[in-house]
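> If you scroll down you'll find the structure; I have some questions about it.
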Amino acid sequence: MPMYGDQGNKLVQHAKRMQNLTHLPPYQTELVRAVTREVRDLDKDVASLLEPFQGSFDPSADQSTACTLLVNHLSMRRNKRCLLAYHRTRTDKLEELVWSGSDVLDLAGQQAGGANGATAAADGGASSSLSPQEEDYVRQYGDLLAAYKGQWTDIDLTGSLEPPRDLFIDVRVLKDAGEIQTEYGAINLTKNSQFYVRQGDVERLIAQGYLQKLG
Amino acid sequence: MSYYDIDSILTDAEKIPCTFQLDIPDLGYLDNTPTQPLKAGTKVSLPLWLAEMLVIANTGGPDNKTFVTFDLPRALGNDVVQALKADPRAVPLRDQSAHFYGLATHMMDLSEEQELGSVLRKTFVTRAAEISLHARKVGGVGTKGKGKDEGSNLGIGGAGEEFLRGLDEWERKLFRKAHDGAKAGKEWMESIKKN
């Protein structure tokens, strides 16, 4: 028996599954559209139900219509809650990713690309698992975080909470990251090469997946 | 329970048996007959988010009745309650409802059932003790059979497996917390020894 609210429920089940994942699954564009469409249909129903009353509807005089209106209203309210909860679960996850320093926009493209083989990697951005609004959100949230962090130059708010055992570590380069400047001069990070570097200099690159810590 | 709480939203999707108290022409689709009016006395299973308000809302008519009346869902029926009284640990709550306690809490808000609350309280306390017992055991397995059971939180064998499969969502969370806590404690102890 398909019923109002069923689509919304599916959306929430997606959100539930998402809570146990480390990555962000693709945005459910179709489902979101279906649920909003349902709300619009319900709203139209309410409008046409109320039309003959010309704004003077008396619930006690027409109980069955009152009940229908209540059911429609509750269905809309339910759908709204499902939609908001789904998006909130996703934005929570996105904020978490931004804080942990992973390059979300880049990551999204890669995941989509990886699934379709290497050839698709070039146009990976088009099949991102983020909706366009979410990409915007991540970008702006990232800016906000950067501005906030900028107030303290001598402490890295998103740095690791684990005290380092060694000041210097061995790293292997997983993908080309170009040249970086350190206190000890410039290093050119080309794929598959290994370096002995100061941990503080490369922490962000490790978090972003450019480098792998060895040993 | 927050407005955005996923489990609370899923709990609201649990269905309870309702009976409509008046004819409603436009709601036939609730009984799978969209072209027919919904007759008074029709029994329909409605999700909590819908039923809850319909049960409370007054029709506004002279007789002061509500749109629908409801019965306790089978998950909280006499059979289950009797089984819980006999031995709370022997009942796989998950088979009754994945959100058993959430559903029960809602139903107790709506109905005047006196006994249910105390039965459920005893059920939870008894089962919680059992859950924490299992959770601790799993922590031990994780370090002995290293590699094999690591990562899978529910990789448990033997008699406990069936009990743990019957946990409802809330109990599962409790289990996970207890398990993670025991594991983290053990890891911390080991890191202390190392240094």
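The values are calculated or read from the model by the stated rules, or taken from the named source; none is laboratory data. Just so we're clear, the structure is a prediction, and the values are computed from it rather than from any experiment. Here the Cβ positions follow ideal geometry from the backbone for every residue, glycine too, while neighbour counts run over all protein chains shown. Protein only, heavy atoms only, side chains kept; ligands, DNA and RNA dropped before computing areas. Shrake-Rupley method; radii C 1.70, N 1.55, O 1.52, S 1.80 Å.
> Can you tell me which of (1) hydrophobic (A, V, I, L, M, F, W, C); (2) within 30 Å of residue A:146 (Cβ to Cβ); (3) in contact (Cβ under 8 Å) with a residue 24 or more places away in the chain is the one residue A:46 doesn't meet?
Every listed condition holds for residue A:46 apart from (2).
> Further question on the same structure: Being under 32 Å from the mean Cα position of the chain (by Cα) and among the polar types (S, T, N, Q) is the filter here, so list the residues in the stretch A:183-197 that pass it.
A:190, A:192
> Right, something else. Would the stretch B:82-100 turn up any residue that is open to solvent by less than 20 Å² (accessible area, probe 1.4 Å), in contact with a strand residue (DSSP E or B) (Cβ under 9 Å, 6 or more places away or on another chain) and more than 10 Å from chain A (Cβ to nearest Cβ)?
No, the stretch B:82-100 contains no residue that is open to solvent by less than 20 Å² (accessible area, probe 1.4 Å), in contact with a strand residue (DSSP E or B) (Cβ under 9 Å, 6 or more places away or on another chain) and more than 10 Å from chain A (Cβ to nearest Cβ).
> Select from the stretch A:1-17 the residues that are more than 9 Å from chain B (Cβ to nearest Cβ) and over 14 Å from residue A:79 (Cβ atoms) and write down the one among them that is least open to solvent (accessible area, probe 1.4 Å).
The residue in question is A:14.
> Identify, by number, the condition in (1) more than 8 Å from chain B (Cβ to nearest Cβ); (2) open to solvent by less than 60 Å² (accessible area, probe 1.4 Å); (3) within 24 Å of residue B:20 (Cβ to Cβ) that residue A:49 doesn't meet.
Every listed condition holds for residue A:49 apart from (1).
> Could you go through the stretch A:52-63 and let me know if any residue there is part of a helix (DSSP H, G or I) and more than 11 Å from chain B (Cβ to nearest Cβ).
Yes - at least one qualifying residue is present in the stretch A:52-63.
> Which residues, taken from the stretch A:178-215, are in contact (Cβ under 8 Å) with a residue 24 or more places away in the chain, at positive phi and open to solvent by 50 Å² or more (accessible area, probe 1.4 Å)?
Of everything in the stretch A:178-215, just one residue is in contact (Cβ under 8 Å) with a residue 24 or more places away in the chain, at positive phi and open to solvent by 50 Å² or more (accessible area, probe 1.4 Å), namely A:215.
> Looking at B:10, B:46 in this structure, which one is at the interface with chain A (Cβ under 7 Å from one of its Cβ atoms) and either outside any loop (DSSP other than H, G, I, E, B) or touching a helix residue (DSSP H, G or I) at 6+ places or on another chain (Cβ under 8 Å) (or both)?
On the way: B:46 fails: at the interface with chain A (Cβ under 7 Å from one of its Cβ atoms).
Every option except B:10 fails the conditions.
> Select, from A:68, A:89, the only residue that is at the interface with another protein chain (Cβ under 8 Å from one of its Cβ atoms), part of a helix (DSSP H, G or I), of a type outside the set (A, V, I, L, M, F, W, C) and in contact with a Leu (Cβ under 8 Å, 6 or more places away or on another chain).
Matching residue, one of A:68, A:89: A:68.
> Test of understanding: among B:77, B:41, B:60, B:28, which residue is at the interface with chain A (Cβ under 10 Å from one of its Cβ atoms) and not charged (D, E, K, R)?
Result: B:60 is the single residue among B:77, B:41, B:60, B:28 that is at the interface with chain A (Cβ under 10 Å from one of its Cβ atoms) and not charged (D, E, K, R).
> Select from the stretch B:49-69 the residues that are surrounded by fewer than 19 Cβ atoms within 10 Å (Cβ to Cβ) and in a strand (DSSP E or B) and write down the one among them that is modelled with the highest pLDDT.
So the residue we want is B:69.
> Just one of (1) in a helix (DSSP H, G or I); (2) of a type in the set (Ser, Thr, Tyr); (3) modelled with pLDDT under 90 trips up residue A:129, so point out which.
Going through the list (1) in a helix (DSSP H, G or I); (2) of a type in the set (Ser, Thr, Tyr); (3) modelled with pLDDT under 90, residue A:129 breaks only (1).
> Just give me the residues in the stretch A:71-86 being touching a residue at least 12 places away in the same chain (Cβ under 8 Å), facing another protein chain (nearest Cβ under 7 Å) and either surrounded by fewer than 17 Cβ atoms within 10 Å (Cβ to Cβ) or polar (S, T, N, Q) (or both), in sequence order.
Within the stretch A:71-86, no residue meets the criteria.
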